[in-house]
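Peer 1: Shown below is the structure under consideration.
The values are calculated or read from the model by the stated rules, or taken from the named source; none is laboratory data. Predicted, not measured: the structure shown is a model, and the values here were computed from it. All Cβ positions, even for glycine, are placed from backbone atoms using ideal geometry, and neighbour counts span all protein chains on display.
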Amino acid sequence: MTVGPELALVIPLVGAVGIGLTGSKPNLREAVTLLCAATLLGCVSLIAAQVLQGEHPRWEGPLMGPGLQLVLEVEPLGLLYAMVGAVLWIPNSIYSIGYMRGHHERNQTRFYICFALALSSVMGIAFSGNLPTLFVFYETLTLSTFPLIAHHGSPQAKRSGRIYLGILFSTSMLFLLLGICWAGVANGGDLSFKAGGILGGVDPGVRSVLFVLFVLGIGKAALMPFHFWLPAAMVAPTPVSALLHAVAVVKAGVFCMLKIMLYVFGLDVVRDQVHHEWLMSLAAFTILVSSIVALNQDNLKARLAYSTVSQLSYIVLGASLGSVLGILGGGLHVAMHATGKITLFFCAGAIYVAAGKTKVSQLDGLGRSMPVTMGCFAVGAMSIIGLPPLGGAWSKWYLGLATLDSAWPWLLAVLMVSSLLNVAYLMPIPIRAFFLPPPSGGPEPSGIQEAPLPCLIAMVITAILSLLLFFAPELALALPELALGGKL
Amino acid sequence: MSQPPPQEHRPGFDDADNVVLTKLAALLIPFILIYGFYVQVHGDFGPGGGFQAGVILASAYILYALVHGVRRAQRLLPRKITDVTAPLGVVIYAGVGVVTLLQGGHLLDYDVLDPQHTQHAQEWGMFLVEAGVGLTVASVMATIFNEIAEQ
Amino acid sequence: MIGDALLLLLVITAFAVVEVRNLFAATVLLGIYSLLMALTWTNMNAYDVAFTEAAVGAGISTILLVGALILTGDRTVGSRERESKGVNWPALLAVTLLGVALAYGVYDAPLGDPTAAPHLGVARYYIQQPIVDAHVPNMVTVTLASYRGYDTMFETAVIFTAGAGMILLLRRDPSDARTQPPGGLRPAAPRRES
Amino acid sequence: MSGLLPHLPALIVVTPLLGGVLAPLCGKGPTKAWALATAVTWVTFALTCWLAVSVYDQGTAQYFVGTWGVGSAPGPLGAKDWTGIVGIELRVDRLNALVLCLVAGMTAVITPYARLSVAKEIPHDRLHFFYAVWLLCLTGLLGITVTGDAFNLYVLIEISSLTTYILVALGKSRDKRALTAAIRYLFMGTVGASFLLLGIGYLFMCTGTLNMAEMATRVAELRDQRGIHTAFAFVLAGLSLKMALFPVHQWLPKAYAYSPTAVSAFLASTATKVAIYGAFRFLFTVFGTEFSFGVLDANSLLIACSCIAILYGSLVAIRQSDLKRLLAYSSVAQVGYMVLGMALANREALTGTLVHMVNHALVKGAMFLAVGCMIYRLGSAKVSDLNGLGKRMPLTTVCLIVGCLGLVGVPLTGGFVSKWYLVQGALRAGLWPVAVVLLVGSLLAVLYAMRIVEPLVFGKAPEGEEVREAPPSMLLPTAALLVGSLVLGVSGSLKTGLIWTATGDLLGVGQ
């Protein structure tokens, strides 16, 4: 059975309509969301089966104007990203039910609609077959997540929403769109993704400028100094932070980065003909600095956000090396970090719902009343750090190999130091929860119970996924390998 | 309030008590009217045409209004009429255009009005559209004066 | 000779219109200007234009301007006098520039040359052909009503628009009329008391 | 029916003209004249579409009004015989076919809306004259677009200007400031029209013809004559005033802000577009690209002015507290976009301009209509009124939000497509700073759009009064325009068809 990539876009859109229509009946609404998520996963799996057989499902949208067309084409790297999004949407939807109800949020229908729209945009980014398509869905993702960020409508939420839109729109409109248009003008109008890049015949000077524009334009990759939106976005309800700001949105950024390096510039160009050392240095700088910043965050979600900033730069670093191993490690890290970080956010949200706590310093002894949550947290944290037997170990391994393989082996030191910092800012949390006594002056710890059941189910699923990815990384490995043309 | 009470008598163009003016106007107006019609219909042979004729005809009305007062003038030529005749002139003009179109010619192609004698047809066409112009101009001039005078 | 004298008078009147402070006087001077203009056209054998100028410029316009003056209370430009003592430099600059541009444009135009472009173009047809095409000796009428009858149709519509605008903007509301019966055009109220 | 086909260029002007003069004969009352106007605008729209299709298929349509086509006069004084176009020619190519459809279509959609909105803002005893003026304004705009005769263009500019002044001044019953806005517009518009007349006069002086096509061939021979240069300057100045290009834009914000809302929508979506079409016609056809942009280098000046317009208009728009003024200043910026694309004068940029013309007409029209819905229910349209409107007038709110997206040029709206082509055009012309200005402009648009969207989505409604949703007869046209803009963003048939070929015609390149 052949399934076109457009179906993956349409399913969440239909879901959004369905959610809108059933908005008045919460149970039905959530059922629609779950059904939609499951269908999407099925659809993406069918697409994956085709890709693994060597096919490239393709869909050409209407011609929007001369030289401007929406084209979807499945390639393995995009499929990996789509898989991550589709798989994690299911636990996230389960989690949302528990969280949003447990927290008595308003405007829940709007929340679920925007969520489905965001997923549709994610699929669009993942399967985009040319740069205009990529840009279109990059922007629609920003737009559809904006109402989620500012969901509460409080002045602080609105302010964060403005920062979010402001940074993402200004980088994408000023740099990315300019870069895309310039690329089209420079190479005669061809903007489709091609193995080996499309800028081979372009003047090297222009190519360097384009490189800068593309890198700066992808604000979603949260490279410093364009990372402010990510901590700001933490005012959103936790499911949003979990799926969008650990998985969908931020991964969209680094995924675009990978894709552009691979299919627009081409690895040879990146390595030999573009002055890309600055990007590498910027990524290394971001890795270290944001890890240090994370150390000093007392707010749990903020600490996780800075951790994300740091981990995203691992992927950027991998992309900027311009080597096969780098792309492989980066691609893997998209999946590994996603499962780990979403678990952490689930736990953070569960702690907030169940115990009302948002700060690291308040978590002493919480492990006794919330053992499952804190256990999952420990699993997620270890995956992020890159400890076996968890998925994160693989991606860090390949990234390390890539640095050793490159002309800049000192980058390995950056990775090592950062891993130590990861340990320093993540591990104290479960340790405090399990081994420190609860504060005596605080409220009775016995009053705190485990998080709502849907939340628990969700976080256990993702924690198990992290484990599975260590023991069975074949699929996650196979796709980047396919993308690289079996160059290993 | 600078507005005086409405009932009070105030001097203005409504005062029609100047004998010299009334007699003079009574003498002049018929000639003005005839002259206006002359200019209207004779526009193709001498100077003038619908526009000038319209203005001249309107000036007859304005003179009457200045001498006898706007209200009496309006009794003679109610606004209801000028409101209709003003667009009607344009209707006549454009109507000629549409008629020529319907008869198979182009818009405002007077030749089709009398295909055998095109020169004659031209004269006819021009006469008709000039009539439209005259009607509109005269009515509009009267309207403009009325609206200003009534403030 | 007569033409030169008329032109001289025209310029003098124009300056007088600008300089005189009393708006009523300015209006009358404008009427005089139009009359002089009409004479100039007559002197140039442009009877149709002269005719229009006399009827509209000297006639109707003057009446309407007087009407407008009475409506606004026949002020002199007194209130403006303080401001207008100095020269308005931007305005002077703009006007000078405009004049220079206009002069620049006619500098190499062969004015008065019967072989110049405008006289050899469509205008020649408008002069020569009316009597052939329509047996009508007044070429102005033929040009307006036939050669360019389409333009004139819209000019008529413009006139009608002016009337419609007056009706829309100035006609009193019927609701107003109940409280304030139309009093008619009248001099400003304060004069009555003096 | 097909017998009408050759007469379409004339019919599309005569139909609204007759409608306009018949409307006051319908008698008083809010319904009859409105019904006539609606019927007339839709018939006109249908005719323009028919014309556009036939022009697209069969090329330029020519029509001689009156008896006289090409004639000749014997040459006295030993001069050569003269042969040329005697009367007035109407000429429709792909460019003006597009503009005709746009103008007629916008009016056809806005007229049904006008019934309730206008009835609330204008005294009932003279509504029939309102529709007369309304249709005459349409006549003027269509006439400007359809004509191939320079003086006729001026005559029609006169009719459209005069009607516009009246329409703007009619806002007086809602806000007295409409009168001063109209007077200001009248002064500036008259200066602009006079400049245009002077320019056409100089052109006639140098070329001896009023027909644009004939002018064009003569101008190519006479490009060194000072009269032509002066004509160019006057025409450009006059048209800039009419387009409201910075720095002669001052009439626009107030005129749009204080006129009756239906009028704002009508003018915003048609009048400036037609002025820009006029600039196209003169710069590209009459004077020719080589003369306009090569000999006289008008593009530097136009690019500079339009870049400032984009930045200035957007910045001022951000600071407005009244929605109509905000939209009006945004129009100043959007005119900048369109003129910019015109001045860049390459195919991508021209395509961008034309797409932007259509898109801006649709979106700005819809925005004004949506604001009109607010005024209809709330009596005013301040930014502070937007708080919590989402709960009280949900459909209007959706329209406003979609409109904002269109103004910003978010992907999948027409605004994105135009921005795309404009940026490409700027880069193709080798002017990357201009491309940056374009993009900064759309970022500023995000800012003023946010001022509208944020209170709509997150604001809390004031306590008390109950506000109902606007009536369907007002919402439907609003939504229709927005759907149009979305379709424009996604579908490419108009762009790859009419617009792309029109820009090819303008630049004289093959398909």
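Peer 1: Of all residues in segment D:44-61, how many are within 20 Å of the chain's Cα centre (by Cα) and either of a type in the set (Val, Ile, Thr) or assigned to a loop (DSSP other than H, G, I, E, B) (or both)?
Peer 2: 2
Peer 1: Does D:SER331 fit the bill of being without any contact (Cβ under 8 Å) to a residue 60 or more places away in the chain and among the polar types (S, T, N, Q)?
Peer 2: no
Peer 1: Among D:VAL467, D:VAL483, which is within 30 Å of A:LEU191 (Cβ to Cβ), more than 10 Å from chain A (Cβ to nearest Cβ) and either without any contact (Cβ under 8 Å) to a residue 12 or more places away in the chain or surrounded by fewer than 21 Cβ atoms within 10 Å (Cβ to Cβ) (or both)?
Peer 2: D:VAL483
Peer 1: Further question: Name, by its number, the condition in (1) more than 7 Å from chain D (Cβ to nearest Cβ); (2) within 21 Å of the chain's Cα centre (by Cα) that does not hold for A:SER170.
Peer 2: (1)
Peer 1: Moving on. Can you find, within segment B:75-89, the residue that is nearest to the chain's Cα centre (by Cα) among those that are more than 9 Å from every other protein chain (Cβ to nearest Cβ) and either under 20 Å from B:MET126 (Cβ atoms) or assigned to a helix (DSSP H, G or I) (or both)?
Peer 2: B:THR85
Let's see how each residue does on (1) among the polar types (S, T, N, Q); (2) at pLDDT below 90; (3) over 19 Å from A:ARG432 (Cβ atoms):
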| site | (1), (2), (3) |
| --- | --- |
| A:GLY349 | no, yes, no |
| A:ALA354 | no, yes, no |
| A:SER361 | yes, yes, no |
| A:MET374 | no, yes, no |
| A:ILE385 | no, yes, no |
| A:LEU390 | no, yes, yes |
| A:TRP408 | no, yes, yes |
| A:LEU411 | no, yes, yes |
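Peer 1: For the list (1) within 14 Å of chain B (Cβ to nearest Cβ); (2) among the aliphatic types (A, V, I, L, M); (3) under 22 Å from the mean Cα position of the chain (by Cα), I need the number of the one condition that D:ALA23 fails.
Peer 2: Against the list (1) within 14 Å of chain B (Cβ to nearest Cβ); (2) among the aliphatic types (A, V, I, L, M); (3) under 22 Å from the mean Cα position of the chain (by Cα), D:ALA23 comes up short only on (3).
Peer 1: Answer yes or no as to whether D:VAL316 is assigned to a helix (DSSP H, G or I), surrounded by fewer than 24 Cβ atoms within 10 Å (Cβ to Cβ) and not hydroxyl-bearing (Ser, Thr, Tyr). Step through it out loud before you land on a result.
Peer 2: Details: assigned to a helix (DSSP H, G or I): yes; surrounded by fewer than 24 Cβ atoms within 10 Å (Cβ to Cβ): yes; not hydroxyl-bearing (Ser, Thr, Tyr): yes.
For D:VAL316, the condition - assigned to a helix (DSSP H, G or I), surrounded by fewer than 24 Cβ atoms within 10 Å (Cβ to Cβ) and not hydroxyl-bearing (Ser, Thr, Tyr) - is met.
Peer 1: I've got another one for you. Read through the list (1) over 30 Å from C:LEU168 (Cβ atoms); (2) more than 10 Å from chain C (Cβ to nearest Cβ), then give the number of the only condition that D:ILE228 fails.
Peer 2: Among (1) over 30 Å from C:LEU168 (Cβ atoms); (2) more than 10 Å from chain C (Cβ to nearest Cβ), the lone unmet condition for D:ILE228 is (2).
Peer 1: Quick one: what pairs do we get from segment D:103-124, first residue of a type in the set (Lys, Arg), second surrounded by 24 or more Cβ atoms within 10 Å (Cβ to Cβ) and not in a helix (DSSP H, G or I), C-beta under 9 Å, 6+ apart or different chains?
Peer 2: So the pair list comes out as D:LYS120/D:PRO260.
Peer 1: Identify all residues within segment D:204-235 that are in contact with a Gly (Cβ under 7 Å, 6 or more places away or on another chain) and of a type in the set (Lys, Arg); write none if there are none.
Peer 2: If the condition is that a residue be in contact with a Gly (Cβ under 7 Å, 6 or more places away or on another chain) and of a type in the set (Lys, Arg), then D:ARG226 is the only one that fits.
Peer 1: Can you name every residue in segment A:138-159 that is under 19 Å from the mean Cα position of the chain (by Cα), of a type outside the set (A, V, I, L, M) and more than 8 Å from chain D (Cβ to nearest Cβ)?
Peer 2: Result: A:TYR138, A:THR142, A:SER144, A:THR145, A:PHE146.
Peer 1: Now, a different point. Could you tell me how many of the residues in segment B:106-151 are buried (at least 20 other Cβ atoms within 10 Å of the Cβ), without any contact (Cβ under 8 Å) to a residue 12 or more places away in the chain and within 8 Å of chain C (Cβ to nearest Cβ)?
Peer 2: 4
Peer 1: A further question follows. If we scan segment D:45-54, do we find a residue that is in contact (Cβ under 8 Å) with a residue 60 or more places away in the chain, out of contact with any Cys (no Cβ under 6 Å at 6 or more places or on another chain) and within 14 Å of chain B (Cβ to nearest Cβ)?
Peer 2: No.
Peer 1: Looking at D:VAL65, D:VAL99, D:VAL53, which one is of a type in the set (Val, Ile, Thr) and surrounded by fewer than 23 Cβ atoms within 10 Å (Cβ to Cβ)?
Peer 2: On the way: D:VAL65 fails: surrounded by fewer than 23 Cβ atoms within 10 Å (Cβ to Cβ); D:VAL99 fails: surrounded by fewer than 23 Cβ atoms within 10 Å (Cβ to Cβ).
Result: D:VAL53 is the single residue among D:VAL65, D:VAL99, D:VAL53 that is of a type in the set (Val, Ile, Thr) and surrounded by fewer than 23 Cβ atoms within 10 Å (Cβ to Cβ).
Peer 1: Pick from segment C:27-56 the residues that are assigned to a helix (DSSP H, G or I), modelled with pLDDT under 90 and surrounded by fewer than 19 Cβ atoms within 10 Å (Cβ to Cβ): which of them is farthest from the other protein chains (Cβ to nearest Cβ)?
Peer 2: Filtering segment C:27-56 for residues that are assigned to a helix (DSSP H, G or I), modelled with pLDDT under 90 and surrounded by fewer than 19 Cβ atoms within 10 Å (Cβ to Cβ), the one farthest from the other protein chains (Cβ to nearest Cβ) comes out as C:VAL49.
Peer 1: Moving on to the next point. Is it the case that B:ARG71 is in contact with a Gly (Cβ under 8 Å, 6 or more places away or on another chain), of a type in the set (Lys, Arg) and at the interface with chain C (Cβ under 10 Å from one of its Cβ atoms)? Show your work before the answer.
Peer 2: Details: in contact with a Gly (Cβ under 8 Å, 6 or more places away or on another chain): yes; of a type in the set (Lys, Arg): yes; at the interface with chain C (Cβ under 10 Å from one of its Cβ atoms): yes.
It is true that B:ARG71 is in contact with a Gly (Cβ under 8 Å, 6 or more places away or on another chain), of a type in the set (Lys, Arg) and at the interface with chain C (Cβ under 10 Å from one of its Cβ atoms).
Peer 1: Pick from segment D:182-199 the residues that are away from chain C (no Cβ under 12 Å) and within 18 Å of D:GLY148 (Cα to Cα): which of them is surrounded by the fewest Cβ atoms within 10 Å (Cβ to Cβ)? Walk me through it before giving the result.
Peer 2: Residues of segment D:182-199 away from chain C (no Cβ under 12 Å): D:184-185, D:187-190, D:192, D:196-197.
Subset that is within 18 Å of D:GLY148 (Cα to Cα): D:196-197.
Values: D:LEU196: 25, D:LEU197: 19.
Top of the filtered list is D:LEU197.
Peer 1: Scan D:MET450, D:MET474 and give me the residue that is facing chain A (nearest Cβ under 10 Å) and crowded, with 17+ Cβ neighbours inside 10 Å.
Peer 2: On inspection, the qualifying residue turns out to be D:MET450.
Peer 1: Another question, if that's okay. Only one of D:ALA435, D:ALA502, D:ALA461, D:ALA445 is over 29 Å from A:VAL209 (Cβ atoms), modelled with pLDDT of 85 or more and within 14 Å of chain A (Cβ to nearest Cβ); which?
Peer 2: Of the residues listed, the single one that is over 29 Å from A:VAL209 (Cβ atoms), modelled with pLDDT of 85 or more and within 14 Å of chain A (Cβ to nearest Cβ) is D:ALA502.
Peer 1: To continue, here is another question. Please go through segment A:233-258 and pick out each residue that is over 14 Å from A:SER307 (Cβ atoms) and at pLDDT 85 or above.
Peer 2: A:VAL249, A:LYS251, A:ALA252, A:GLY253, A:VAL254, A:PHE255, A:CYS256, A:MET257, A:LEU258, listed by residue number.
Peer 1: Is it the case that A:SER369 is modelled with pLDDT of 85 or more and polar (S, T, N, Q)?
Peer 2: In short, no.
Peer 1: I'm trying to understand the selection: among the residues of segment D:231-246, which are within 13 Å of chain C (Cβ to nearest Cβ) and either touching a residue at least 40 places away in the same chain (Cβ under 8 Å) or surrounded by 23 or more Cβ atoms within 10 Å (Cβ to Cβ) (or both)?
Peer 2: Of everything in segment D:231-246, those that are within 13 Å of chain C (Cβ to nearest Cβ) and either touching a residue at least 40 places away in the same chain (Cβ under 8 Å) or surrounded by 23 or more Cβ atoms within 10 Å (Cβ to Cβ) (or both) turn out to be D:ALA231, D:PHE232, D:PHE234, D:VAL235, D:LEU236, D:ALA237, D:GLY238.
Peer 1: Ok, one more. Would you tally the residues in segment D:429-454 being more than 23 Å from the chain's Cα centre (by Cα) and of a type in the set (Phe, Trp, Tyr)?
Peer 2: 1
Peer 1: When only residues in segment B:100-151 that are more than 27 Å from the chain's Cα centre (by Cα) and among the charged types (D, E, K, R) count, which is farthest from B:GLN52 (Cα to Cα)?
Peer 2: Once the filter is applied, the top-ranked residue is B:ASP114.
Peer 1: A follow-up question, please. Of these, A:PHE111, A:PHE135, A:PHE115, which one is among the aromatic types (Phe, Trp, Tyr), in contact (Cβ under 8 Å) with a residue 60 or more places away in the chain and under 20 Å from A:LEU7 (Cα atoms)? Break it down into steps so the answer makes sense when it comes.
Peer 2: Values: A:PHE111 fails: under 20 Å from A:LEU7 (Cα atoms); A:PHE135 fails: in contact (Cβ under 8 Å) with a residue 60 or more places away in the chain.
Result of the check over A:PHE111, A:PHE135, A:PHE115: A:PHE115.
Peer 1: Does B:VAL96 qualify as being in contact with a His (Cβ under 9 Å, 6 or more places away or on another chain), of a type in the set (A, V, I, L, M) and within 10 Å of another protein chain (Cβ to nearest Cβ)?
Peer 2: Taking the combined requirement at face value, the residue does not satisfy it.
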